[in-house]
Amino acid sequence: MASPVVSPAWLEEHLDDPGLRVVEISNINEPTAYCDGHVPGAAWLFWKTACWHESDREFVSPEALARLFGKLGIGPDTTVVLYGEPVQYGTYAYWAFTMAGHKNLKVLDGGRRKWLAEKRPLSRTVPSFRPVEYPVPTPDASMRVGRDEVKAHLGHSHRLILDVRSPEEYAGKRVAEYTSAFDHGAERTGRIPGARHFYFREVLNDDDSFKSPDAIRKALAAYGIAPETFDDVVCYCRLSHRATLAWVALAGLLGYGNIKIYDGSWTEWGSIVGFPIEK
């Protein structure tokens, strides 16, 4: 299986390819950083607008994806390279768009941060795109599980639940990561019963690029985690953004076919009356 991750050097070399479209996925609803300079030719999207239904918090549907991509001049055969600001928003969009059915998706290694650090070319020109017809694709939600399915399989030996939040969140000392300016996002602290800890930063280098497959395997071994010994592995964090980094690393780079994400993550689980927690 080809890696879903492309390097900044590869993307710079292929910026003029007619069958390629670059999209910046931002965590704020204003293109401030994008307007200061972006990957040449890149479109800009706010993560919630791109990935969620506007009111129901459902993920982008195949119909909505077809409309969105068609407006950006993206056809079903276009290679779409996503990069995050910060990095996990690129992998989150990659996950959501994969579920909605686009087949040719890539993630820029290190996101915007690494592109800037390597002094790659930037543009302040906002590109315009000629709309194209995009037939509604076939969705694939095989990499997603919901709260009831997670609860129904608690304690089952065939499943590994992987909590990729910070140690403080896993231990029930905080709701949000310690680097956040806030500490909210669920009504309770704690973790899903039986969850093992694997901090998401273990799959990343300091510049937010992914570690090598060998380094990720060593990190898993250091935590005593062997994904191949389970029928499936369910990753979660606070809102599933960081979980998508683990999913790309384990499924995309290491090739495990049993990696899934609980998309409601701790924001949902920690707020549901009657759902068990552990500290």
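The values are calculated or read from the model by the stated rules, or taken from the named source; none is laboratory data. If you're wondering where the values come from, they're calculated on a predicted model, not measured in any experiment. Cβ atoms come from the backbone with ideal geometry, glycine included; neighbour counts cover every protein chain shown.
Numbers for the structure displayed
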read-out: Only one of E228, E278, E268 that is modelled with pLDDT of 95 or more and touching a Gly at 6+ places or on another chain (Cβ under 7 Å); value: E278
read-out: Any hit, the range 140-156, residues being in contact with a strand residue (DSSP E or B) (Cβ under 6 Å, 6 or more places away or on another chain), assigned to a helix (DSSP H, G or I) and β-branched (V, I, T); value: yes
read-out: Some residue of the range 167-190 being under 17 Å from A226 (Cα atoms) and surrounded by 15 or more Cβ atoms within 10 Å (Cβ to Cβ); value: no
read-out: Hits in the range 242-279 (condition: under 20 Å from G155 (Cα atoms), more than 12 Å from the chain's Cα centre (by Cα) and of a type in the set (A, V, I, L, M, F, W, C)); value: I259, W266, W269, I272, V273, F275, I277
read-out: Scan of the range 168-204 for residues that are in a loop (DSSP other than H, G, I, E, B) and without any contact (Cβ under 8 Å) to a residue 60 or more places away in the chain, ordered by number; value: K173, R174, Y178, T179, S180, A181, F182, D183, H184, F198, Y199
read-out: Residue that is surrounded by the most Cβ atoms within 10 Å (Cβ to Cβ), among those in the range 79-107 that are of a type in the set (V, I, T) and either in a helix (DSSP H, G or I) or modelled with pLDDT under 95 (or both); value: T91
